[in-house]
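Computed from the coordinates by the stated procedures, all read-outs in this text should not be read as laboratory data. Keep in mind it's a predicted model, so treat the numbers as computed, not measured. We place every Cβ from the backbone using ideal geometry, glycine too, and count neighbours over all the protein chains shown.
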Amino acid sequence: MTSKNLYVLGGIATAGTAILLVLGAGALGIIGDGGRADMMYLAPIGIVVLGALVFRFRPRGMALSDGAAAVATLVVGLIAIIAGLHDDFDGARDVVMISAMYAAMFAASGWLFWRSTSLAR
């Protein structure tokens, strides 16, 4: 794989994760019944967009942005659990598992960007 291919895959993975997160939080609802609490999941997407603009879409900066989005996704899930926004124990488990899944997706796309920088040398 070339560094360009890994960069493109990282971009596709980031965009796909953001789209799935918007659809999952907006249409299905991650926290409770899909109310206003799910709007917190827009923060990781904002972090990626802001990071992409600040770092001017450079691979290393995109990797850092995706890493920050992964951490932010976990923090949103943790806030939801601590605040008691979930319905019951099963709801709490769902919030944890879904947040971890989206965080892993952001982390994987960040890894692709990071890997593209190491091959470019």
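Over all Cα atoms in the stretch 22-121, the spread is summed up by Rg and Dmax: 14.8, 50 Å. A simple rule links phi to the HN-Hα coupling: the Karplus curve 6.51 cos²θ - 1.76 cosθ + 1.60 with θ = phi - 60°, which for the stretch 45-60 gives 5, x, 5, 5, 5, 4, x, 4, 6, 5, 8, 6, 6, 6, x, 5 Hz, with x for Gly and Pro. Net charge in the neighbourhood of residue 110 (other residues with Cβ under 12 Å of its Cβ; Lys, Arg +1, Asp, Glu -1) is +1. Ignoring everything except DSSP H segments at least 4 long, calculate the 222 nm mean residue ellipticity for the chain; use -39,500 (n - 2.57) per segment, divide by total residues, nearest 500. When only DSSP H runs of four or more count, the value is -25500 deg cm²/dmol.
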